[in-house]
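Throughout, read-outs are computed from the coordinates displayed, never taken from laboratory work. A quick note: this is a predicted structure, and the numbers were derived from the prediction, not measured. FYI the Cβ positions are ideal-geometry reconstructions off the backbone, even for glycines, and counts take in every protein chain you see.
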Amino acid sequence: MVSSNYAIELLKDALELYTPSRSEAALANMLKARCTEELGFEQTYIDSVGNIIATKGIGEPRILLCGHMDTVPGRIPVRIEDGYLYGRGASDAKAALISMLLAASEFPKQNGSISFVGVVDEEGNATGVKNLVSSRLQLDYAIFGEPSGIHNITIAYKGRISIRLACDVGNSAHASAPWLAKNSIEEIYDFWTKIKSEVTSIRNHDSRTKMVSCSLTEIVGGSSHNVTPRKASMTIDIRIPIGIQSQHVLSTIDQVIAKIANEKGLKANYRIQDQTEPFEANYTSALVRAMSLSILDIRKVRPTLLRKTGTGDMNILGNVFKIPVVTYGPGEPHGSHTIDERVNLEEYLTSIDIFSRALFHISRLHSRRNISEPLNKI
């Protein structure tokens, strides 16, 4: 059994490594060495896209514990203050990643098969989990590591569409004579306002988890301080609730862009940067029961099942593998990506116990299932 000091030092070591998306190699190599030399995994390797995969045990249940190694950009000094460990990724989601790793390392190999995976690029285009899904790994259950709060289990995420919209007005002019050419920044903003209006009207709901949201996250345009911009581009991030397909949203965007471009006589087009469908897990599954029982065992609190407005790797695997899945981990979700990102150390250490206890309950409940029930595979 790993000590609290070991667990904290391992998380600190992970936080000291700066790992924005697609720069996770140093952490993958560090975890590979720990899995091989200290944590008792039987097979450990780094796959073609940079995911770290460590396995142990044999037979059923076949359980995946999957977290992501990457973070959003921005360094935060790693430090412990007032019971909190600060650092980029402390909440999202290295605390969950390391707590799952340590829980997996303690799983008795005679109780089933366990795969710990640290994926790359979750904060980007989900390269890691997409490669994992394409590997056709056979699984019975999957738990993803993201900050849910110690007493909460995430069972649903919104889907996501990210598009890069470009506008070309065909000419530019001296800024002192703006009447001589259209302004691409002004024109593209008209596209944005209409897209936002039409997309959010697909489902306008009082509940944030049931509404379509639309955010303008980046805008680029212009070539000089005294020249009107000929070209401009922007990134639009759209989150889609359960019950709406991404293609329906894209069809609306197509119609809006075609209509405005025709009315204005402009060139406008977009490319899809991310297209992820919404996902909701079966809240009556044995996995949700196992996680709930573990929280009750350790914390004496009945957990809350969350439906979140973000999007996670659970969406991608959950929509392909027809198996029970959940997302869980220490950390405050609203503290993710902030300049003071942190995790409560007591909750981090407790999450290791909760993951370990959940693995025990999964193995126990799985052994009770009807042996005639077919296994879920892709």
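What to note about this one:
- Taking the Cα centre of the chain as origin and assigning +1 to Lys and Arg Cβ atoms and -1 to Asp and Glu Cβ atoms, the resulting dipole is close to 980 debye.
- The charge dipole of region 277-359, taken about its Cα centre with unit charges on the Cβ of Lys, Arg, Asp and Glu (plus for the first two, minus for the last two), comes to roughly 420 debye.
- Rg over Rh for region 229-288 works out to 1.18, both radii taken from alpha-carbon positions and Rh defined as the Kirkwood radius.
- Only lysines eight or more places from Lys109 in sequence, or on another chain, were considered; those with a Cα closer than 16 Å are Lys56.
- Cα lying deepest toward the dipole's positive end in the chain, options Met1, Ser162, Ser197, charges on Cβ: Ser197
- Ranked by how many other Cβ atoms sit within 10 Å of their own Cβ, fewest first, the residues Asp313, Asp190, Asp353, Asp254 fall in the order Asp254, Asp190, Asp353, Asp313.
- In plain terms, the chain from Asp13 to Arg164 could stretch by 50.8 nm, reckoned as 0.36 nm per residue minus the Cα-Cα distance.
- Computed E for Lys194/Val220 - FRET, C-beta separation, R0 25 angstrom, nearest 0.05: 0.80
- Here the calculated FRET efficiency for Arg203 and Ala26, from their Cβ-Cβ distance with R0 = 56 Å, stands at 0.85, rounded to the nearest 0.05.
- Length gained when the stretch Tyr45-Asn5 is fully extended (0.36 nm per residue, less Cα-Cα span): 11.8 nm
- Enclosing the Cα atoms of region 49-123 in their convex hull gives a volume equal to 95 cubic angstrom per residue.
- Size of electric dipole in region 159-276: Cβ of Lys, Arg +1 and of Asp, Glu -1, about Cα centre, debye, nearest 20: 140 debye
- Label sites at Gln273 and Ala177, each approximated as a point 7 angstrom past Cα along Cα to Cβ, lie 3.6 nm apart.
- Rounded to 10°, Cα long-axis angle of helix 184-200 versus longest principal axis of the chain: 50 degrees
- Folded to 0 to 90 degrees: helix 4-16 orientation relative to the chain principal axis, Cα: 20 degrees
- Positive end of the dipole of the chain (Cβ unit charges, origin at the Cα centre): among Ile242, Leu365, Gly118, the Cα lying farthest that way belongs to Ile242.
- In terms of its Cα atoms, region 117-187 spans 65, 32, 17 Å along the principal axes, sorted from long to short.
- The stretch between Arg289 and Asn262 holds 4.3 nm of extra length on full extension. This uses 0.36 nm per residue minus the Cα-Cα distance.
- Degrees, to the nearest 10: 286-299 long Cα axis against longest axis of the chain: 70 degrees
- Pairwise Lys count, region 182-331 - Cα closer than 25 Å, eight or more residues apart or different chains: 25
- Globularity index of region 175-250, i.e. its alpha-carbon radius of gyration over 2.2 N^0.38 Å: 1.42
- Spacing of the modelled spin labels on Val301 and Arg368, each 7 Å from Cα toward Cβ, amounts to 2.5 nm.
- Convex hull per residue volume in Å³, alpha carbons only, for the chain: 155 Å³
- Inverse of mean 1/r across different Cα pairs in region 255-364, Kirkwood, Å: 17.3 Å
- Among Met100, Met314, a tally of other beta-carbon atoms within 10 Å of each Cβ gives an order, fewest to most, of Met314, Met100.
- For the chain, DSSP calls about 70 percent of its internal beta bridges antiparallel.
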